[in-house]
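The values are calculated or read from the model by the stated rules, or taken from the named source; none is laboratory data. Note that the structure is a prediction, hence the values are computed from the model and not measured. All Cβ positions, even for glycine, are placed from backbone atoms using ideal geometry, and neighbour counts span all protein chains on display. Surface accessibility is based on the protein's heavy atoms, side chains included, excluding ligands, DNA and RNA. Shrake-Rupley method; radii C 1.70, N 1.55, O 1.52, S 1.80 Å.
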Amino acid sequence: MKFVLASHNKKKLKELADILNKFGVEIEALPENAPEPEENGKTFAENAKIKAVSAMEFTGLPAIADDSGLCVEALGGAPSIYSARYCEGTDADRNALLLKNMQGKENRKCYFACAICCAFPNGTFIESFGKCEGEVLQSEQGTGGFGYDPIFYVPEYKCTFGELSPQIKNEISHRAVALREFTKKLNNYLQE
Ligand code: IMP
């Protein structure tokens, strides 16, 4: 069975293709001329569904999409679904704004969340969700990864996502958790 990934991100395509190939599933990139739907959902799951449906309708193929972000307890869950748009500029600018908004806050608890949705042309949806808990550090540490990784401290490993090896991050991350649940559900569905 052929799937399309509702993203132009080549890294995501490779990560998903490596995993899904094991199920005899072929995954291809979204055509360049596919429309970019407005992500106006209120949750990660709603936004993943919006992207999956848009790609499925454009290509006629089952389409897989994900949506992810960082949720900080002391900030009422922000930046959440607005993580990529927390402020204009670079990842470093967004990290700096988050650290500024966290000044003086004792509760540093936060988690990364990831929702995955696959929309099939027959109206079926397969959805999954993953979380990875951590703490917002006082300053950036580590240069690996992307986004909020340098300020996301993982107590179990006593370092940030920016310092963890990609192998370990890919084992414990929100995306890994969501993908494991997703592949289980997809496997069950394909065997029905
Ligand atoms: P998207 O789901 O790829 O659109 O990601 C949304 C935003 O959430 C990213 O731009 C990052 O700011 C943040 N984010 C999601 N996953 C991660 C991660 O694994 N590390 C750091 N930041 C992340």
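What the table below lists for this structure:
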item: In Å, descending, principal axis extents of the Cα set of the chain; result: 51, 32, 25
item: Length released on extending from residue 8 to residue 191, taking residue separation times 0.36 nm less the Cα-Cα span; result: 63.0 nm
item: HN-Hα J in Hz across region 22-32 - Karplus 6.51, -1.76, 1.60, θ = phi - 60°, x for Gly and Pro; result: 4, 8, x, 9, 9, 10, 10, 6, 6, x, 4
item: Helix 44-59 vs. the chain, principal-axis angle (Cα, 0 to 90°, nearest 10); result: 30 degrees
item: 222 nm mean residue ellipticity, helices alone, for the chain (DSSP H n ≥ 4; -39,500 (n - 2.57); rounded to 500); result: -10500 deg cm²/dmol
item: Amide H contacts under 5 Å for residue 147, placed H, 5+ residues apart; result: none
item: Nearby lysines by direct alpha-carbon distance to residue 105 (threshold 18 angstrom, same-chain neighbours under 8 apart not counted); result: none
item: On Cα atoms only, tilt of 91-101 relative to the major axis of the chain in degrees; result: 50 degrees
item: Under the Karplus curve 6.51 cos²θ - 1.76 cosθ + 1.60, θ = phi - 60°, whole-Hz ³J(HN,Hα) for region 84-89, x wherever Gly or Pro sits; result: 6, 10, 4, 7, 6, x
item: Stokes-Einstein D (µm²/s) once Rh is taken as the Kirkwood radius of region 63-130 over alpha-carbon pairs, at 20 °C in 1.002 mPa s; result: 158 µm²/s
item: Cross-link reach list, lysines versus residue 22, counting only Cα pairs under 16 Å and skipping chain neighbours closer than eight places; result: 2, 14, 184, 185
item: Per-peptide average of other Cβ atoms within 10 Å, ordering 120-132, 39-51 highest first; result: 39-51, 120-132
item: Other-chain or far-sequence residues with amide H under 5 Å of residue 160's (modelled H); result: 154
item: Rh (Kirkwood; distinct C-alpha pairs) - region 93-184, Å; result: 14.3 Å
item: Under Karplus coefficients 6.51, -1.76 and 1.60, residue-wise ³J(HN,Hα) of region 108-125 in Hz, glycine/proline x; result: 9, 5, 7, 8, 8, 10, 9, 10, 10, 9, 10, 9, 9, x, 7, x, 6, 10
item: Amide hydrogen neighbours beyond the local backbone of residue 27, cut-off 5 Å, H modeled; result: 3
item: Projected label distance in nm at residue 87 and residue 22, using a 7 Å step from Cα toward the beta-carbon; result: 4.1 nm
item: Residues of the chain: accessible area per residue with a 1.4 Å probe, Å²; result: 54 Å²
item: Accessible area (Å², 1.4 Å probe, nearest 10) - residue 189; result: 50 Å²
item: Full-extension gain in nm, residue 120 to residue 143, via 0.36 nm per residue minus C-alpha separation; result: 4.4 nm
